Amino acid sequence: MHQRLLSYLVVLLMFSINFTLCNWAIKNSLDYGAVTFSTILLFIAIFILLERLMPYKKDWHPTIPEWKRDGLYFILVILAGAIGQGLVYEIAFYFAKPLGAMPLWSEIFLALLIATFGGYCFHRLGHSVPFFWRIHGIHHVPNKVNLANNSVVHSFDVIGSTFCSQLPLLLIGFSEEAMFIAGMFTAIQGYFIHANINVSLGWLSYIIACPESHRLHHSVVYEEAGHYGADIVLWDLIFKSFTWQDKKAPKVVGVEDSLSFPPTESVLENAIHPFRPSYRRSITK
């Protein structure tokens, strides 16, 4: 009971801070990109603290070399995200049409549904098509799930996800405010679900993705993996990829055939990995 209450408090804190910052940014006409980036840094600091105060597994804490490695991936993620957004806005500039006037909260609700559906589809593609798995599987190689290695992703994964989640919103013509709030939610959720924190959300796990369910997604056991939605679980429920059960934990996280990917430390090798499908790492490497 104590753990469940603490878990709800963590989620309440997360949503309260997120809502407050979004409201403040909109009322004061602040730069949404700068606010989003600053908020991500704030939540990274919060989740780092929570990983130490209430860890799921202490041996999943990143080592100093892993922090350095994942820090480099984080920089690449930021650059890839900027490229993806730039391309998306360039395309939308020529094709987007303004959405008819509607209340902001209705826009936010619809924007979340559309953006999360796009993200779900692209994520599931990364697990079902061999070429896309060579891109996305890089994220699954580490045998830990923590805040730091949330950034261990291929740049094409970031750009593809940006296209699938944001381009439809721009083409439909959602307001900048609705896209900002929806984007803030999905960005923070990405770090929350990877955090190595011992939370148990109970019934809330049927509404939003959480660390419990996302650890299952990283399982090497296909039957218990699933959970392609990184933000809401609606699409997992509809498309029957929801496997979470209260207190259920993955047997082992990682990839079944880790030798088919370069070591996570080899950032450059991972960057070119999708384009050499015959790759296989030596055991002695």
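Quick check on the range 202-285: take the gyration tensor over C-alpha atoms, sort the square-rooted eigenvalues as a ≥ b ≥ c, and tell me if it's rounded (a/c under 1.5), prolate or oblate. It comes out prolate by the Cα gyration axes. As a calculated quantity, the FRET efficiency between Phe109 and Val129 at R0 = 35 Å, using C-beta atoms, amounts to about 0.70. Subtracting the Cα-Cα distance of Arg276 and Trp203 from their residue separation scaled by 0.36 nm leaves 21.9 nm. Shape of the range 15-165 from the C-alpha gyration tensor: oblate (a/c of 1.5 or more and a/b not above b/c, with a ≥ b ≥ c the square roots of its eigenvalues). In this structure, the amide hydrogen of Ile208, modeled 1.01 Å from its nitrogen in the peptide plane, lies closer than 5 angstrom to those of Val233, counting only residues at least 5 positions away or on a different chain.
The residues of the range 146-285 present an accessible area of 40 Å² per residue when probed at 1.4 Å with all protein chains retained.
To the nearest 0.05, how large is the calculated FRET efficiency for Glu90 and Gln245 if R₀ is 51 Å and r is the Cβ-Cβ distance?
0.70
Among 67-78, 136-147, sorting by the average number of other beta carbon atoms lying within 10 angstrom of each residue, highest first, gives 136-147, 67-78. Take 20-31, 195-206 and order them by the average number of nearby Cβ atoms within 10 Å per residue, most first; the result is 195-206, 20-31. Roughly how many Å is it from the Cα centre of the range 256-285 to that of the range 114-140, as a whole number? Value for the Cα centre distance between the two parts: 18 Å.
Dipole size in debye (nearest 20) for the chain around its Cα centre, Lys and Arg Cβ +1, Asp and Glu Cβ -1?
Roughly 600 debye for the chain.
How high is the FRET efficiency between Cys121 and Ile172 when r is their beta carbon distance and R₀ equals 22 Å, given to the nearest 0.05?
0.85
Hey, any idea what the orientation-averaged projected area of the convex hull of the range 124-214's Cα atoms comes to, in nm²?
Taking the Cα atoms of the range 124-214, their convex hull projects to 7.0 nm² on average.
For the chain, the mean residue ellipticity at 222 nm estimated from helices alone is -20000 deg cm²/dmol, where every DSSP H run of n ≥ 4 contributes -39500 (n - 2.57) and the total is divided by all residues, rounded to the nearest 500. Each peptide in 242-254, 177-189 gets a packing score, the mean of other Cβ atoms within 10 Å over its residues, and the list from highest to lowest is 177-189, 242-254.
Taking all protein chains into account, the per residue accessible area for the range 1-113 stands at 64 Å² (1.4 Å probe). To put it simply, the accessible area of the range 126-285 at a 1.4 Å probe is 62 percent carbon and sulfur. Inter-label distance, Asn28 to Leu268: 4.4 nm, where each label sits 7 Å from its Cα along the C-beta direction. Which of the three applies to the range 124-177, rounded, prolate or oblate, going by the alpha-carbon gyration tensor with a ≥ b ≥ c and a/c under 1.5 meaning rounded? Note, shape of the range 124-177 comes out oblate.
The values are calculated or read from the model by the stated rules, or taken from the named source; none is laboratory data. What you are looking at is a predicted structure, and each value in this text was computed from that prediction instead of being measured. With ideal geometry, Cβ positions are generated from the backbone for all residues, glycine too; neighbour counts draw on all protein chains shown. Surface accessibility is based on the protein's heavy atoms, side chains included, excluding ligands, DNA and RNA. Shrake-Rupley method; radii C 1.70, N 1.55, O 1.52, S 1.80 Å.
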